[in-house]
């Protein structure tokens, strides 16, 4: 009996995944455990392995499709076996139907059929459900589209190109557009005009999730940012000593960020409103332990894994955990659970030379700390007769003014800066 392969649920908060690459195709024979396709969530990329053995009879979603979790993406069974799919993906029909594998293969090999505009034959054109829905919403005639998907199938990007022409090229509304050459074609096939040179890059699942989270953050919280700076001299001296003698003491190569996270995890306990979640419009949940999200830049986008119970870890343990999480993010081996439960976030752009920036809160958290690069500043000497240079680092605290007022937020930053300036004494407390 043919069986459907469902989109896996990669984490308790994941609702849909994007298919990035099909490894197997219709007609291929697969064994249990073989990789069928790659897919991505808003946090990572995964492989979907076959749970049954047999031949792939149908593929119900193409590369680039966003598929809800636990929805069928392909059908596997015995060669020649009949099967039923819930949506007419193979033909573009919206009605349930039963398709024989040989019929499905013939459909895949057919060239794109031409239909009369707005006629009943539109359903004969090979088009993805997402593309068809977008064309309907935009009032686009799908017969004008040139399919660039598998086997000439019209995908959402092809409809997007037509939208660009219709709303940006005026008189060429009804002209066909070849996305591969980026030229507008008349009915006779002559090139009428060139579209402005550009490249459309579809948001990845991660980028879409980040964009949604940032918009939610900025539209649901009253964000204010305070900037403070401190003398990095002591912190720098301690780091240099660790680098020189770390091997002898079995210490990792501690970074400035590790030391800042260590101090934050202790100081923030004196300011519980910053180590909290807004769970309702008028309810604040304060946490006993400190779970710090660490912003990690990767080729796929921004990850924010969480160092749990940071206030209970030593400096060396925090350093090792941050490196472990960063490595998982870079390799794309993270799971959504690694990002859950953060109570405060630290975002460090210092290595990129940033001197000042405004970080955005990660809801439902109430605040986020931005760490900037080291710069040289000047101040009066102790005698008051001259000027001295010293290394300085700027810290930016963005907080939700609905929860925290400016004075409490500034007191946290002041205590944090004073503690960092006396790091050698503070760390003796353990």
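State whether the residues of region 158-165 include one that is touching a strand residue (DSSP E or B) at 6+ places or on another chain (Cβ under 8 Å), assigned to a helix (DSSP H, G or I), farther than 15 Å from residue 200 by Cα and at pLDDT 80 or above.
no
Mind counting the residues in region 67-84 that are closer than 16 Å to residue 50 by Cβ and part of a strand (DSSP E or B)?
Residues that pass the stated criteria total 7.
At pLDDT below 60 and either under 22 Å from residue 1 (Cα atoms) or in contact with a helix residue (DSSP H, G or I) (Cβ under 6 Å, 6 or more places away or on another chain) (or both): does that describe residue 71?
Details: at pLDDT below 60: no; either under 22 Å from residue 1 (Cα atoms) or in contact with a helix residue (DSSP H, G or I) (Cβ under 6 Å, 6 or more places away or on another chain) (or both): yes.
Answer is no for this residue.
Within region 40-59, track down each residue that is closer than 30 Å to residue 329 by Cα and at pLDDT 90 or above.
Start the filter on region 40-59 by keeping residues that are closer than 30 Å to residue 329 by Cα, which leaves 40-51.
48, 49, 50, 51 - these are the residues of region 40-59 that are closer than 30 Å to residue 329 by Cα and at pLDDT 90 or above.
Being part of a loop (DSSP other than H, G, I, E, B), surrounded by fewer than 17 Cβ atoms within 10 Å (Cβ to Cβ) and over 24 Å from the mean Cα position of the chain (by Cα) is the filter here, so list the residues in region 194-221 that pass it.
Going through region 194-221, the residues part of a loop (DSSP other than H, G, I, E, B) turn out to be 195-204, 221.
Checking the rest, the ones that are also surrounded by fewer than 17 Cβ atoms within 10 Å (Cβ to Cβ) come to 196-203.
Hits for region 194-221 are 196, 197.
Among the candidates 373, 384, single out the residue that is part of a loop (DSSP other than H, G, I, E, B) and either assigned by TED's automatic domain parsing to the domain that holds residue 280 or modelled with pLDDT under 95 (or both).
Details: 373 fails: part of a loop (DSSP other than H, G, I, E, B).
Answer to the selection: 384.
The values are calculated or read from the model by the stated rules, or taken from the named source; none is laboratory data. Just so it is clear, the model here is predicted, and its values are computed rather than measured. We place every Cβ from the backbone using ideal geometry, glycine too, and count neighbours over all the protein chains shown.
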